[in-house]
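I have placed the structure first, in the form of structure tokens, so that the comments after it can refer back to it.
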Amino acid sequence: MIPGNEYSFTLINQGVSVPNQVVTIGQRASVFGDENLSVTTTDANGTFTALIDEDGKWFMRAAQIHLRPEIEDIDYEVYIATLTFEIK
């Protein structure tokens, strides 16, 4: 990857693309917090684009919450996906 370019990614869960999913993209600044945050949503094909505008450690994360009323003592399940990478 080259800083300053936009890149496309596809979010996939169990082999199926995930449409209309909120994705957070940012840089790890320190243990005290993140910076350069942006939020986007996948399209109908589960694809989104992200501007990777500088060197450093980056992350992308998405979370899905599924209500589970059919399971006793469980209200919901949460699935979290995180991709981390570094550009030098």
Report task. Among the numbered conditions (1) among the aliphatic types (A, V, I, L, M); (2) under 18 Å from GLU86 (Cβ atoms); (3) loosely packed, with under 15 Cβ neighbours inside 10 Å, tell me where VAL22 comes up short. Result -> (2)
Report summary line: Checking GLU35, GLU70, GLU54 in turn, the sole residue that is within 26 Å of MET1 (Cβ to Cβ), modelled with pLDDT under 90 and not in a strand (DSSP E or B) turns out to be GLU54
Report task. State all residues of the stretch 38-51 that are of a type in the set (A, V, I, L, M) and assigned to a strand (DSSP E or B); if no residue qualifies, say none. Result -> VAL39, ALA50, LEU51
Query raised in the report: If you check ALA29, ALA62, which single one turns out to be in a strand (DSSP E or B), out of contact with any helix residue (DSSP H, G or I) (no Cβ under 9 Å at 6 or more places or on another chain) and modelled with pLDDT under 90?
Result: ALA29
Requested in this report: Consider only pairs whose beta carbons are under 6 Å apart and that are at least six residues apart or on different chains; among these, list those whose first residue lies in the stretch 54-65 and is without any contact (Cβ under 8 Å) to a residue 40 or more places away in the chain and whose second residue is basic (Lys, Arg).
Outcome: LYS57/ARG28
**Report entry** Residue among THR84, THR41 that alone is touching a Phe, Trp or Tyr at 6+ places or on another chain (Cβ under 8 Å), in contact (Cβ under 8 Å) with a residue 12 or more places away in the chain and exposed (fewer than 11 other Cβ atoms within 10 Å of the Cβ)
**Finding:** THR84
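The values are calculated or read from the model by the stated rules, or taken from the named source; none is laboratory data. Values in this document were obtained by computation on a predicted structure and should not be read as measured data. Neighbour counts are summed over all protein chains in view; Cβ atoms, including those assigned to glycine, are modelled from backbone coordinates with ideal geometry.
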